[in-house]
Amino acid sequence: MQLKIVFLGTTGSIPTPKRGMPAIAIKRGGELLLFDCGEGTQRQMVRAHLSPLKLDAIFITHLHGDHFLGLAGLVQTMSLQDRRKPLEIYCPAGEGERIRTFLRIPHYTITFEVRVKELVPGAEVVRNGYRILTAEPEHSVPQLAYALVEDERPGKLNVEKAVSLGVEPGPDFAKLKAGEPIKLPNGRVVKPEEVVGPPRPGRKIVYSGDTRPAESIVELAREADVLIHECTLAEDLREKADETLHSTPVGAAEVAKRAGVKQLVLVHISPRYEDPKVLLEQARAVFPNTIVAEDLMELEIPLK
């Protein structure tokens with residue numbers, strides 16, 4: 001099953017000619033999820049060929065304007081396109097009424113049900129084949145970091161061994177992979193552990209939202225395939241980053257290193273960095289497998 005990240009907006013605070021406001025789309029099979037929805041997100045979705053009508057859920061990290069002010073326009077567009085499928089919008093506990101009020105301000109008729117759901121840190125959202133886990137970053141307003149964690153997949157079937165034991169290709173293969181023993185015509189029982197390897201872990205993507213380097217993010221990101229971590233200011237502005245509860249390249253890289261992630265992607269790049277090379281160099285000195293996200297960049301996560 002395909003699992004792909006589309007970086008719709010990668011700056012913070014204000015847009016730039018090259019970078020839009022924070023928004024990350026994740027495509028998993030036929031599902032489309034959105035994490036944050038900054039101003040201009042729907043235009044970026046058009047450019048990325050992502051239909052708002054196919055959105056299944058939106059996860060908002062926090063209610064600083066750069067992370068959610070695109071919501072009302074996106075919901076209005078869905079109504080203009082006559083969406084009928086309900087939309088779930090998740091947000092930190094205590095912030096639901098702000099979102100509901102924001103969506104009520106424009107004069108338009110919503111053609112579908114909008115379900116705003118509040119989550120406390122540590123809450124899980126169980127979905128088809130995966131879960132969304134949450135943790136509390138360290139920032140100045142109520143906030144959530146999110147992790148998409150796929151369910152384990154069945155182990156790999158040793159076809160040659162199964163055939164050698166007398167198993168006929170077909171439905172019995174599927175039963176063995178599902179953990180069911182089968183009985184052969186000769187009376188012998190073939191157990192799954194004889195021909196099926198150990199379960200294979202699902203893929204994991206973590207999005208930090210705005211935060212200074214935090215132990216909660218380290219724990220949430222353990223062994224993740226991708227950690228998407230904010231990186232607002234370079235090391236020469238570390239004191240300012242600490243004061244505003246944001247991260248530097250080294251701070252983000254240290255989180256990635258401690259968490260044992262495979263890849264670090266830096267986002268929420270301050271508009272002052274037209275060329276993010278300095279941020280990339282500083283992060284790679286600590287965690288080599290680092291990239292800086294660009295708007296409309298796509299990253300596909302392979303199966304394990």
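A few points about this structure:
- All positions within the stretch 65-92 that are under 19 Å from the mean Cα position of the chain (by Cα) and among the small types (Gly, Ala, Ser): Gly70
- Residue in the stretch 141-154 that is basic (Lys, Arg), outside any strand (DSSP E or B) and either at positive phi or out of contact with any Leu (no Cβ under 6 Å at 6 or more places or on another chain) (or both) present: no
- Options Thr290, Thr232; residue that is crowded, with 22+ Cβ neighbours inside 10 Å, farther than 30 Å from Lys304 by Cα and either modelled with pLDDT of 95 or more or touching a strand residue (DSSP E or B) at 6+ places or on another chain (Cβ under 7 Å) (or both): Thr232
- Residues that are out of contact with any helix residue (DSSP H, G or I) (no Cβ under 9 Å at 6 or more places or on another chain) and aliphatic (A, V, I, L, M), drawn from the stretch 232-250: Leu237, Leu245
- In the stretch 149-174, the residue that is farthest from Tyr207 (Cα to Cα) out of those that are β-branched (Val, Ile, Thr) and either loosely packed, with under 14 Cβ neighbours inside 10 Å or free of Cβ contacts under 8 Å to residues at least 12 places away in the same chain (or both) is Val163.
- Top-ranked residue in the stretch 117-148 [being surrounded by 13 or more Cβ atoms within 10 Å (Cβ to Cβ) and acidic (Asp, Glu); ranked as nearest to the chain's Cα centre (by Cα)]: Glu136
- Any hit, the stretch 234-251, residues being free of Cβ contacts under 8 Å to residues at least 60 places away in the same chain and farther than 28 Å from Pro142 by Cβ: yes
- Of the numbered criteria (1) outside the structural domain of Ile89 (by TED's automatic domain parsing); (2) within 30 Å of Asp225 (Cβ to Cβ); (3) touching a strand residue (DSSP E or B) at 6+ places or on another chain (Cβ under 9 Å), the one Arg131 fails is (1).
- Residue that is nearest to Asp36 (Cα to Cα) [pool: residues in the stretch 90-146 that are of a type in the set (S, T, N, Q) and out of contact with any Ser or Thr (no Cβ under 8 Å at 6 or more places or on another chain)]: Thr134
- Of residues in the stretch 69-98 being part of a helix (DSSP H, G or I) and touching a helix residue (DSSP H, G or I) at 6+ places or on another chain (Cβ under 7 Å), the one farthest from Met45 (Cα to Cα): Ala72
- Top-ranked residue in the stretch 17-60 [being in a helix (DSSP H, G or I) and in contact with a helix residue (DSSP H, G or I) (Cβ under 8 Å, 6 or more places away or on another chain); ranked as surrounded by the most Cβ atoms within 10 Å (Cβ to Cβ)]: Thr41
- Members of the stretch 156-173 found to be touching an Asp or Glu at 6+ places or on another chain (Cβ under 9 Å) and among the small types (Gly, Ala, Ser), listed by number: Ala162
- Checking each residue in the stretch 207-231 for being out of contact with any helix residue (DSSP H, G or I) (no Cβ under 6 Å at 6 or more places or on another chain) and either under 21 Å from Glu294 (Cβ atoms) or of a type in the set (A, V, I, L, M) (or both) picks out Tyr207, Gly209, Asp210, Ala214, Leu220, Ala224, Asp225, Val226, Ile228, Glu230.
- Unmet criterion (only one of (1) within 27 Å of Pro142 (Cα to Cα); (2) in contact with a Leu (Cβ under 6 Å, 6 or more places away or on another chain); (3) not β-branched (Val, Ile, Thr)) for Arg28: (1)
- Residue match in the stretch 76-99 (condition: under 24 Å from Ser216 (Cα atoms), surrounded by 15 or more Cβ atoms within 10 Å (Cβ to Cβ), modelled with pLDDT of 95 or more and among the polar types (S, T, N, Q)): no
The values are calculated or read from the model by the stated rules, or taken from the named source; none is laboratory data. All values derive from a computational prediction rather than experimental measurement. Counting neighbours? That spans all protein chains shown, and the Cβs are built from the backbone with ideal geometry, glycine included.
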